[in-house]
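All remarks here apply to the structure that follows.
The values are calculated or read from the model by the stated rules, or taken from the named source; none is laboratory data. Given the structure is predicted, the values throughout are model-derived calculations rather than measurements. No Cβ is skipped: glycine too gets one built from the backbone with ideal geometry, and neighbour counts run over all protein chains shown. What goes into the accessible areas is simple: the full protein's heavy atoms, side chains included, and nothing from ligands, DNA or RNA. Shrake-Rupley method; radii C 1.70, N 1.55, O 1.52, S 1.80 Å.
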Amino acid sequence: MTMQLELGLDTFGDVTAGPGGALLPHAQVIRDLVEQAVLADGLGIDFFGIGEHHRSDFAVSSPETVLAGIATRTSRIRLGSAVTVLSSDDPIRVFQRFSTVDALSNGRAEVILGRGSFTESFPLFGFDLRQYEALFEEKLDLFAELIRKKSISWQGKLRPALRDQQVFPPIENGGLTTWIGVGGSPESVVRAARYGLPLMLAIIGGPPLRFRPYVDLYHDAHARLGSQVQPIGVHSPGYVAASDAQAAEEFWPSYKQMRDRIGGERGWGPMTRDEFEREIAGGSLYLGSPETVARKIAATVKGLGLSRFQLKFSAGTLSQDRMMRCIELYGREVMPRIRELCG
């Protein structure tokens, strides 16, 4: 399976600040997110992904519902999750919701399945965190059956068996593009290859090329299985403004606030400005002018042999007008330059 380089955008629906500095209601954040996707569609951006979270600082708990709304206002952009937390959901319902988005969008739906980096969904939906691995493994096994067969007979350990069950609505044409989101586990890389699914690497810090061994592992796993290598993508944070200095000054306050809030929950120290600058210079923060961001993305695309790059442009309370301008610059200036650099 080969793919022309695709360039997309991701958002977690971070709760943003309004013009006066006060946090916007979750409902307004969701409506603003739809406008972001409509703009991205008009600019020719290839993909728009929405993350799933179940906490106060992110507005989207049901990406498929928002994607369905976006589907009715767009015409070409592919629409997917970033990611869907399969471990705490029902695979059949996930498939049904995304097949519905696929119908509304005339075949543009995708799903990126992962375990998620937050765990709020487990107690919320009554799942045991001690079964973190087992839940994902079993539910992915069922989902792999759903995307390949019209009639399902399946048996696992954590839910009742299925016998000749059909799931509706079916995908109208072809199949549902399904990626496996991986944050750094070799076992997850091999699992993606075993199921013959594309690999989406979430690289949120450090030099991106340190993930080259995971790319090689994915290729090696396919070789051992005798299967065809599937596309590889990367999801990383970033922001585009008119100049490097402007991008850093606009992004830093909200990025630090978000990073320190989440870091505080995980035992990390506060982020310093020096750390921020180092991450821009040599890490996985794709921030700066269109030329700077394009060069850095192109280097990652070539270094890892990617079929897709997804820039996560939302960051804490970063305002709607700045995110919209970032999207505009990404579509009009960054993407053409990346394609030129990548040949």
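Might you check whether a residue that is open to solvent by 50 Å² or more (accessible area, probe 1.4 Å), at negative phi and within 17 Å of the chain's Cα centre (by Cα) occurs anywhere in the range 175-188? The answer is yes, given that some residue of the range 175-188 is open to solvent by 50 Å² or more (accessible area, probe 1.4 Å), at negative phi and within 17 Å of the chain's Cα centre (by Cα). Restricting attention to the range 2-27, and to residues there that are among the polar types (S, T, N, Q) and open to solvent by 60 Å² or more (accessible area, probe 1.4 Å), which single residue is nearest to the chain's Cα centre (by Cα)? Ranking the candidates gives Gln4 first.
For (1) over 19 Å from Leu176 (Cβ atoms); (2) modelled with pLDDT under 95; (3) among the small types (Gly, Ala, Ser), each residue gets a yes or a no:
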residue: Ala82; (1), (2), (3): no, no, yes
residue: Pro91; (1), (2), (3): no, no, no
residue: Gln96; (1), (2), (3): no, no, no
residue: Leu104; (1), (2), (3): no, no, no
residue: Val111; (1), (2), (3): no, no, no
residue: Ser117; (1), (2), (3): yes, yes, yes
residue: Glu133; (1), (2), (3): yes, yes, no
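Scanning the range 314-343 for residues that are at positive phi and in contact (Cβ under 8 Å) with a residue 12 or more places away in the chain yields one hit, Gly316. Scanning the range 141-166 for residues that are touching a helix residue (DSSP H, G or I) at 6+ places or on another chain (Cβ under 6 Å) and open to solvent by less than 60 Å² (accessible area, probe 1.4 Å) yields Leu142, Phe143, Leu146, Ile152, Trp154, Gly156. Residue count for the range 91-105 under the criterion of being open to solvent by 10 Å² or more (accessible area, probe 1.4 Å) and without any contact (Cβ under 8 Å) to a residue 60 or more places away in the chain: the result is 3.
Going by the structure shown, is Gly126 out of contact with any Gly (no Cβ under 6 Å at 6 or more places or on another chain), open to solvent by 40 Å² or more (accessible area, probe 1.4 Å) and of a type in the set (Gly, Ala, Ser)? If you could, list the steps in order and put the result at the bottom.
On the way: out of contact with any Gly (no Cβ under 6 Å at 6 or more places or on another chain): yes; open to solvent by 40 Å² or more (accessible area, probe 1.4 Å): yes; of a type in the set (Gly, Ala, Ser): yes.
For Gly126, the condition - out of contact with any Gly (no Cβ under 6 Å at 6 or more places or on another chain), open to solvent by 40 Å² or more (accessible area, probe 1.4 Å) and of a type in the set (Gly, Ala, Ser) - is met.
Kindly check whether there is at least one residue in the range 166-177 that is touching a Ser or Thr at 6+ places or on another chain (Cβ under 6 Å) and not in a loop (DSSP other than H, G, I, E, B). Full working, then the answer.
Step one: filter the range 166-177 for residues touching a Ser or Thr at 6+ places or on another chain (Cβ under 6 Å), giving 166, 169, 171.
Add one more test, that the residue is not in a loop (DSSP other than H, G, I, E, B), and what stays is 166.
The answer is yes; a qualifying residue exists.
Restricting Ser236, Ser243 to residues that are under 24 Å from the mean Cα position of the chain (by Cα) and hydroxyl-bearing (Ser, Thr, Tyr) narrows the list to Ser236. Listed conditions (1) closer than 23 Å to Met200 by Cα; (2) aliphatic (A, V, I, L, M); (3) crowded, with 22+ Cβ neighbours inside 10 Å are all met by Leu318, apart from (1). Of all residue pairs spaced 6 or more apart or on separate chains, those with beta-carbon atoms under 7 Å, a first member in the range 11-26 that is farther than 17 Å from Phe251 by Cα and a second member that is open to solvent by 10 Å² or more (accessible area, probe 1.4 Å) and not small (Gly, Ala, Ser) are Leu24/Val15; His26/Val15.
Out of the residues in the range 40-78 that are polar (S, T, N, Q) and in contact with an Asp or Glu (Cβ under 9 Å, 6 or more places away or on another chain), state the one that is surrounded by the most Cβ atoms within 10 Å (Cβ to Cβ). Restricting to residues being polar (S, T, N, Q) and in contact with an Asp or Glu (Cβ under 9 Å, 6 or more places away or on another chain), the top hit is Thr74.
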